[in-house]
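Asker: For reference, the structure I am asking about is given below.
The values are calculated or read from the model by the stated rules, or taken from the named source; none is laboratory data. Quick caveat, the model's predicted, so the values are computed rather than measured. Using ideal geometry, Cβ is built from the backbone for each residue, glycine included, and neighbour counts are taken over all protein chains shown.
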Amino acid sequence: MNKTLTSREAILSVGKEVVSQSGIQALNMRDVALKCGVSVGSIYNYFPSKSDLVLATVESVWREIMHDSKGCCSQSGFVQSVLSLFESVQKGCKKYPSFFSLHSMSFANVDKSKAREVMKQYFSHIKRALLEALEKDQAVRKNTFSDNFTKTEFVDFVFSNILTLLMREEASCNCLLEVIKRTIY
């Protein structure tokens, strides 16, 4: 019997390594156990199912990406915040190839409501940071927003376009930045 000890953090670290090297679809209990040097049963002590391991790994990757995007709520204005967010998530996508576009497909075999909740949580966090950056931006024209064109709707529009650019693996978000500039300044 293998007496090597492991931790939840060590398992997630190996899980993220697998995602980085082979993609989220390659993540499985047996390989993670092998790379951790423990029995599969040890992995099940921390993650009762493969779904739980996948969800926790996805959440850990998102946490890492969000940690790298602290510049999202930049004092330099909304445009700089959007650029910082785009570059941070893009950097995360380079570290975890296809993660961004494929991880939702990997949820086909896991609890979809939990998966949606994880994504919703991180997307809400990003949108709140963008809204905060927009509200702090003193250069925004005073009459830009109205009841029919709210700051929240604008942030949703910008965020949707960021997601589209990332899923299309675009190299830059310059066109989106130009649309933002022409709309609010």
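Asker: Output yes when any residue across the stretch 159-168 is more than 14 Å from LEU85 (Cα to Cα), β-branched (Val, Ile, Thr) and surrounded by 12 or more Cβ atoms within 10 Å (Cβ to Cβ), and no when none is.
Answerer: At the first step, the residues of the stretch 159-168 found to be more than 14 Å from LEU85 (Cα to Cα) are 167-168.
Right, trim to β-branched (Val, Ile, Thr) and you get none.
No.
Asker: Here is a follow-up. Assess whether SER104 counts as being in a helix (DSSP H, G or I) and modelled with pLDDT under 75. Give the derivation first.
Answerer: Details: in a helix (DSSP H, G or I): yes; modelled with pLDDT under 75: yes.
Judged against the criteria, SER104 is a match.
Asker: Do you know which residues across the stretch 123-180 are more than 24 Å from the chain's Cα centre (by Cα) and β-branched (Val, Ile, Thr)?
Answerer: VAL140, THR144, THR150
Asker: Where residues in the stretch 114-152 are crowded, with 17+ Cβ neighbours inside 10 Å and modelled with pLDDT of 95 or more, which of them is farthest from ALA56 (Cα to Cα)?
Answerer: VAL140
Asker: For the stretch 169-185, what are the residues that are hydroxyl-bearing (Ser, Thr, Tyr) and either part of a helix (DSSP H, G or I) or surrounded by 13 or more Cβ atoms within 10 Å (Cβ to Cβ) (or both)? Even if it seems obvious, please write down each step before you answer.
Answerer: Taking the stretch 169-185 first, the residues hydroxyl-bearing (Ser, Thr, Tyr) are 172, 183, 185.
Scanning the stretch 169-185 gives THR183, TYR185.
Asker: Another question, if that's okay. Restricting the search to the stretch 19-47, which residues are surrounded by fewer than 16 Cβ atoms within 10 Å (Cβ to Cβ) and either in contact with a strand residue (DSSP E or B) (Cβ under 8 Å, 6 or more places away or on another chain) or aromatic (Phe, Trp, Tyr) (or both)?
Answerer: TYR44
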